[in-house]
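This report concerns only the one structure given below.
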Amino acid sequence: MADSNTAPDALPTDDIWTLANAKARLSEVIDRAQCGPQVITRHGRPNAVVVSAEEWARKTARKGTLAEFLLASPLRGADLDLERMHDTPRDEMP
């Protein structure tokens with residue numbers, strides 16, 4: 001069950017668990033994570049969030065390649081004058 005005494009104002013209290021409550025009721029935390037993120041607090045502060053595997057996969061999915069990202073850059077085609085500094089080489093360590 002949620003602990004409203006340690007809940008930050010911006011988060012719904014039904015989805016906030018103290019670490020002790022989350023440990024004791026882990027199955028319920030996981031079940032509720034299927035419907036929305038579950039915040040676990042430690043010492044009264046948000047410390048971790050449990051989300052469903054589906055939500056995690058959606059949030060961490062790659063959204064294209066680096067080349068596609070660079071090609072879509074608003075700076076593409078801008079006539080930037082970039083100069084490389086020509087420092088002396090570093091000494092090799094023995």
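The values are calculated or read from the model by the stated rules, or taken from the named source; none is laboratory data. Since this is a predicted model, take the numbers as computed values, not measurements. Here the Cβ is made from the backbone with ideal geometry for all residues, glycine too, and neighbour counts use every protein chain on show. Each accessible area value is taken on the protein alone, full model and side chains, heavy atoms only, with ligands, DNA and RNA left out. Shrake-Rupley method; radii C 1.70, N 1.55, O 1.52, S 1.80 Å.
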**Item:** For the chain: Kirkwood Rh in Å [reciprocal of mean 1/r, alpha carbons]
**Value:** 17.6 Å
**Complete:** Once phi for every residue in segment 48-65 is put through the Karplus expression 6.51 cos²θ - 1.76 cosθ + 1.60 (θ = phi - 60°), the whole-Hz ³J(HN,Hα) values, with Gly and Pro written as x, are 8, 10, 9, 10, 5, 4, 5, 5, 4, 4, 5, 6, 9, 5, 5, 10, x, 9
**Message:** Suppose a student asked you for the relative contact order of segment 36-92, using Cα pairs under 8 Å spaced at least 6 residues apart; what percent would you report?
**Reply:** 18 percent
**Asked** residue 93 versus residue 70, label points 7 Å from Cα toward the beta carbon: distance in nm?
**Response** 3.0 nm
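At most 11 other C-beta atoms within 10 Å and a DSSP loop state: those are the exposed GluC sites (Glu not before Pro) I care about. Give me the longest piece of the chain that has none.
Longest run free of exposed loop sites: 1-82.
Give me the accessible area per residue for the chain, probe 1.4 Å, as a whole number in Å².
91 Å²
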**Request:** Convert each backbone phi in segment 22-33 into a coupling constant with the Karplus relation 6.51 cos²θ - 1.76 cosθ + 1.60 (shift: θ = phi - 60°), then list the ³J(HN,Hα) values in order as whole Hz, x for Gly and Pro.
**Result:** 5, 5, 6, 10, 4, 4, 5, 4, 5, 4, 5, 5
